[in-house]
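Structure first, then comments.
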Amino acid sequence: MKELLKQHNLKITNNRLEILDIIKELDLDATIKNILTKTKIDKSTVYRTIETLLKNNVIETSINHKNELYYQIKEHKHYIKCIKCHDKQEIDICPVETIEKNGFKIISHKIEIDGICNKCTEK
């Protein structure tokens, strides 16, 4: 996490490191409510830290299977998620690369694909 903060030219603080670790640990359940229950950092500091991490593109928001806003570490990875068991698997392709080859400059993107995994289909 220290390297991630360095890449974004952010000061490495214990609060930032702890919040990033919590976000990574909670994964799809990294809502503000759940983050607050996992730390002793005061509420206003958590909100300010998340705001800083969002503003500097270290983390991003998404909607989870409970239709809640959650935070995730911003990475150039794409996932397919099962809507039944909520399993999440990384996919190896990025269709945005094809778009960029056609001369369109992409600033940012996020691809989320919902489906039903093989285990849930067989049930």
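The values are calculated or read from the model by the stated rules, or taken from the named source; none is laboratory data. Remember, predicted model here, so these are calculated numbers, not experimental data. As a convention, Cβ positions derive from the backbone with ideal geometry for all residues, glycine included, and neighbour counts pool all protein chains shown.
In region 33-44, which residues are of a type outside the set (Lys, Arg) and surrounded by 13 or more Cβ atoms within 10 Å (Cβ to Cβ)?
Taking region 33-44 and keeping what is of a type outside the set (Lys, Arg), we get 34-37, 39, 41-42, 44.
Within region 33-44, Asn34, Ile35, Leu36, Thr39, Ile41 qualify.
Just to verify a result, which residue in region 1-32, among those that are among the polar types (S, T, N, Q) and under 28 Å from Glu90 (Cα atoms), is surrounded by the most Cβ atoms within 10 Å (Cβ to Cβ)?
Taking the candidates together, the pick is Thr31.
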**OP:** Kindly list the number of the only condition in (1) touching a helix residue (DSSP H, G or I) at 6+ places or on another chain (Cβ under 8 Å); (2) without any contact (Cβ under 8 Å) to a residue 12 or more places away in the chain; (3) assigned to a helix (DSSP H, G or I) that fails for Glu97.
**Re:** (1)
**OP:** Mind telling me which of the residues Leu20, Leu4 ends up being at pLDDT below 95, under 29 Å from His86 (Cβ atoms) and of a type outside the set (Lys, Arg)?
**Re:** Leu4
**OP:** Only residues that are of a type in the set (Val, Ile, Thr), surrounded by 11 or more Cβ atoms within 10 Å (Cβ to Cβ) and out of contact with any Pro (no Cβ under 9 Å at 6 or more places or on another chain): list them for region 59-112, please.
**Re:** Ile59, Thr61, Ile63, Ile73, Ile80, Ile83, Ile91, Val96, Ile99
